[in-house]
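For reference, the structure discussed in these notes is given below.
The values are calculated or read from the model by the stated rules, or taken from the named source; none is laboratory data. Here the structure is a predicted model, which is why all the values come from computation and not from measurement. Ideal geometry is used to build each Cβ from the backbone, glycine not excepted, and the neighbour counts take in all protein chains shown.
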Amino acid sequence: MAATKAEIQAVFPELARDDFSITSYEDARYNCIAFACGDSHRWWWPVKRHGNYWPNEVPLEESVSAFQTLFEAVGYRKCRSARLQVSFERIALFAKGGVPTHAAKQMRDGSWCSKLGIHEDITHALRGLEHSEYGSVVFVMRRATPAQKVGPFIRWFERLIG
């Protein structure tokens, strides 16, 4: 059964600071890590359970470094800023007590989108999920947006400004 905005906000009280919206409904096929990697058909997590996927070249552990290795394997690189650059896709990893809990993906308008476990996708401010069961953002990574989506002038200008 789909959650209401009030039910989601009860779990993530920081969402009250900025507006958020539910952008899709329950889908247990994929999770936030898969969503950040661009996969909406598998559940990505480094625990060997029926149906879980985890690339062989990535350490099979729930650690921040293993998740960084995972995101590097699909083309992301650590960056200093969460600011929008149209020539890059960004993801943010959340952790609590040093254990990864969640990943969010930046959308083309600068907002962030999250797949809440088996539940809904929501669009939110990046810090809207902090101080909850997900903990805090531990790093932001980016990868180049496919060239056909960004013109050469924008790509050149964003490289120039860093």
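Remarks
- Of the residues N31, N52, the single one that is of a type outside the set (D, E) and buried (at least 17 other Cβ atoms within 10 Å of the Cβ) is N31.
- Beta carbons closer than 8 Å, at least 6 apart along the sequence or on distinct chains, pair a first residue in the range 47-62 that is touching a residue at least 12 places away in the same chain (Cβ under 8 Å) and among the aliphatic types (A, V, I, L, M) with a second that is in a loop (DSSP other than H, G, I, E, B) and surrounded by fewer than 15 Cβ atoms within 10 Å (Cβ to Cβ) for L60/K48.
- Pairs linking a residue in the range 27-45 that is touching a residue at least 40 places away in the same chain (Cβ under 8 Å) to a residue that is part of a helix (DSSP H, G or I), with Cβ atoms under 8 Å and 6 or more positions apart or on different chains, are I33/F67; I33/L70; A36/F71.
- So T23, is it β-branched (V, I, T) and either exposed (fewer than 12 other Cβ atoms within 10 Å of the Cβ) or over 19 Å from E130 (Cβ atoms) (or both): yes
- Residue in the range 85-124 that is nearest to the chain's Cα centre (by Cα), counting only those that are surrounded by fewer than 17 Cβ atoms within 10 Å (Cβ to Cβ) and not β-branched (V, I, T): M107
- One residue alone among A34, A28 is part of a helix (DSSP H, G or I) and more than 17 Å from R142 (Cβ to Cβ), and that residue is A34.
- Restricting the range 67-84 to residues that are under 19 Å from S136 (Cβ atoms) and surrounded by fewer than 16 Cβ atoms within 10 Å (Cβ to Cβ), the residue that is modelled with the highest pLDDT is K78.
- Residue in the range 1-20 that is surrounded by the fewest Cβ atoms within 10 Å (Cβ to Cβ), counting only those that are β-branched (V, I, T) and outside any loop (DSSP other than H, G, I, E, B): V11
- Any chance L84 is assigned to a loop (DSSP other than H, G, I, E, B), touching a residue at least 24 places away in the same chain (Cβ under 8 Å) and not acidic (D, E): yes
- For the range 87-124, a tally of residues being of a type in the set (D, E, K, R) and assigned to a strand (DSSP E or B) returns 6.
- Of all residues in the range 125-148 being hydroxyl-bearing (S, T, Y) and either out of contact with any Ser or Thr (no Cβ under 7 Å at 6 or more places or on another chain) or assigned to a strand (DSSP E or B) (or both), the one that is surrounded by the fewest Cβ atoms within 10 Å (Cβ to Cβ): S136
- Among the residues making up the range 105-133, those that are among the charged types (D, E, K, R) and touching a residue at least 60 places away in the same chain (Cβ under 8 Å) are K105, K115, E120, D121, R127, E130, E133.
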